[in-house]
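A short write-up of the structure that comes next.
The values are calculated or read from the model by the stated rules, or taken from the named source; none is laboratory data. Predicted model, so just to flag it, every value in this text is computed and none were measured. Glycine gets a Cβ as well: all are built from the backbone with ideal geometry, and neighbour counts include every protein chain shown. Quick note on the areas: whole protein, heavy atoms, side chains included, nothing else; ligands and nucleic acids left out. Shrake-Rupley method; radii C 1.70, N 1.55, O 1.52, S 1.80 Å.
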Amino acid sequence: MKRIYEGKTKDVYELENGTIQLKFKDDVTGEDGVFDPGANTVGLTIEGAGRAGLRMTEYFFGKLAGAGIPTHFIAADPDNQTMNVRRADVFGKGLEVICRYRAVGSFLRRYGAYAEEGQPLDAFVEVTIKDDERLDPPISKDALVELGILNAGEYDTLKQLTKQISAIVKGELADRGLELYDIKLEFGRDAETGDVLLIDEISGGNMRVYKDGDYIEPLQLEQLLFG
C-alpha cells in the first residue's frame, strides 16, 4: 500500500489491486480552534471525528446507491477508519461544489450587502476551485468550460447530481428534526468510464446542520443521526 496524497482530513493510499483507500483523520477544518466546513485549513482535532465521519459517509453513500446515484464507494471499515473506493480523476486540480439552503458562511461574507444571515436559499449551487493560496475562489460555468476544467455537459450533470444528493441528505436529517443549511461535495470522472460521480465523503465535517436554530457539531450530529 502506497500513500499518494496527504490531505487535511484524509490520507489517500493506492492498493495493490489498483483501487484507492481513504484513511479518515480526526482533524477537521476551521480556524483558531473553531470548526468551519468551508475553511481551507485544519482548525482543530476532535477525537473520534474520523470514525464518525466515515460512519456517516457509509450511511449516506448507501442511501445514494439505493437512489441510483453514482459514487466511488466500494466498502468501509469504520473500526480502522478506512474506506475503499474506485479510482477517479478530479476536475482540474479539484473542485468543491456547495449546495446552500441558508445564507451563512462564505456566501454571507461575500453577499452580505444583499442577504441576511440565515436567509432561505433555493438549493443554490456554486462551485469553487480547490486552491488554498487563493482561498478557494468561486468559479462560473463559463469559466470552467473556457479553462478546460470540464465541459458544459459535465457541469450540468454535476449540478443536477448536487441537487439530488443534497435533497436526499436534507430529507434524512429532516426526519430527525435537523435542518441542513449547506453541504460541500466533490466530484470526479470515473477512471474507467469517464462518467461523473460523487467522490470524497458525506459527513458532519462538510455540512452545516442546525436543530431549533442551534448549530450541531460534527460528533453530536453523528450521535443524533444514529442514536
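For the stretch 160-173, which residues satisfy the criterion of being touching a strand residue (DSSP E or B) at 6+ places or on another chain (Cβ under 8 Å) and surrounded by fewer than 17 Cβ atoms within 10 Å (Cβ to Cβ)?
Step one: list which residues in the stretch 160-173 are touching a strand residue (DSSP E or B) at 6+ places or on another chain (Cβ under 8 Å), which gives 161-163, 165-167, 169-170, 173.
Passing the criteria: 163, 167.
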(request) Please tell me if residue 101 is more than 20 Å from the chain's Cα centre (by Cα), among the aromatic types (Phe, Trp, Tyr) and either over 27 Å from residue 194 (Cβ atoms) or in a strand (DSSP E or B) (or both). (result) no
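In this structure, is residue 86 in contact (Cβ under 8 Å) with a residue 24 or more places away in the chain, charged (D, E, K, R) and farther than 25 Å from residue 178 by Cα? Show your work before the answer.
Numbers: in contact (Cβ under 8 Å) with a residue 24 or more places away in the chain: yes; charged (D, E, K, R): yes; farther than 25 Å from residue 178 by Cα: yes.
Criteria met by residue 86.
Output the residues belonging to the stretch 77-107 that are aliphatic (A, V, I, L, M), out of contact with any helix residue (DSSP H, G or I) (no Cβ under 9 Å at 6 or more places or on another chain) and open to solvent by less than 40 Å² (accessible area, probe 1.4 Å).
The first filter runs over the stretch 77-107 and keeps only residues aliphatic (A, V, I, L, M), leaving 83, 85, 88, 90, 95, 97-98, 103-104.
In the following step, the residues that additionally are out of contact with any helix residue (DSSP H, G or I) (no Cβ under 9 Å at 6 or more places or on another chain) were identified as 85, 88, 90, 104.
Matches in the stretch 77-107: 85, 88, 104.
Restricting attention to the stretch 54-68, does a residue exist that is touching a residue at least 12 places away in the same chain (Cβ under 8 Å) and surrounded by fewer than 15 Cβ atoms within 10 Å (Cβ to Cβ)? So that I can check it myself, show each step before the final result.
Applying the first criterion (touching a residue at least 12 places away in the same chain (Cβ under 8 Å)) to the stretch 54-68 yields 54-61, 63-64, 67.
From what's left, surrounded by fewer than 15 Cβ atoms within 10 Å (Cβ to Cβ): 67.
Yes, some residue in the stretch 54-68 is touching a residue at least 12 places away in the same chain (Cβ under 8 Å) and surrounded by fewer than 15 Cβ atoms within 10 Å (Cβ to Cβ).
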(message) Based on this model, can you work out whether residue 142 counts as without any contact (Cβ under 8 Å) to a residue 24 or more places away in the chain and either at negative phi or buried (at least 21 other Cβ atoms within 10 Å of the Cβ) (or both)?
(response) yes
(request) Would you point out the residue of the stretch 122-152, among those that are charged (D, E, K, R) and closer than 12 Å to residue 94 by Cα, that is modelled with the lowest pLDDT? (result) 132
(request) Select from the stretch 104-140 the residues that are in a loop (DSSP other than H, G, I, E, B), more than 15 Å from the chain's Cα centre (by Cα) and among the charged types (D, E, K, R) and write down the one among them that is nearest to residue 196 (Cα to Cα). (result) 131
(request) For the stretch 39-55, indicate whether the set of residues that are at pLDDT 85 or above, assigned to a helix (DSSP H, G or I) and basic (Lys, Arg) is non-empty. (result) yes
(message) For the stretch 1-22: of the residues being in contact (Cβ under 8 Å) with a residue 40 or more places away in the chain and surrounded by fewer than 18 Cβ atoms within 10 Å (Cβ to Cβ), which is nearest to residue 184 (Cα to Cα)?
(response) 19
(request) Filter the stretch 119-135 down to residues that are without any contact (Cβ under 8 Å) to a residue 40 or more places away in the chain and farther than 21 Å from residue 156 by Cα and give me whichever is least open to solvent (accessible area, probe 1.4 Å). (result) 131
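Looking at the stretch 23-40, which of its residues are open to solvent by 60 Å² or more (accessible area, probe 1.4 Å) and not hydrophobic (A, V, I, L, M, F, W, C)?
If the condition is that a residue be open to solvent by 60 Å² or more (accessible area, probe 1.4 Å) and not hydrophobic (A, V, I, L, M, F, W, C), then 23, 31, 32 are the ones that fit.
If only one of 200, 214 is of a type in the set (Asp, Glu) and under 14 Å from residue 98 (Cα atoms), which one is it? I'd like the intermediate steps shown before the answer.
Values: 214 fails: under 14 Å from residue 98 (Cα atoms).
Only one candidate passes the filter, namely 200.
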(request) State which residue is most open to solvent (accessible area, probe 1.4 Å) when the search covers only the stretch 178-226 and only residues that are within 25 Å of residue 25 (Cβ to Cβ) and assigned to a loop (DSSP other than H, G, I, E, B). (result) 217
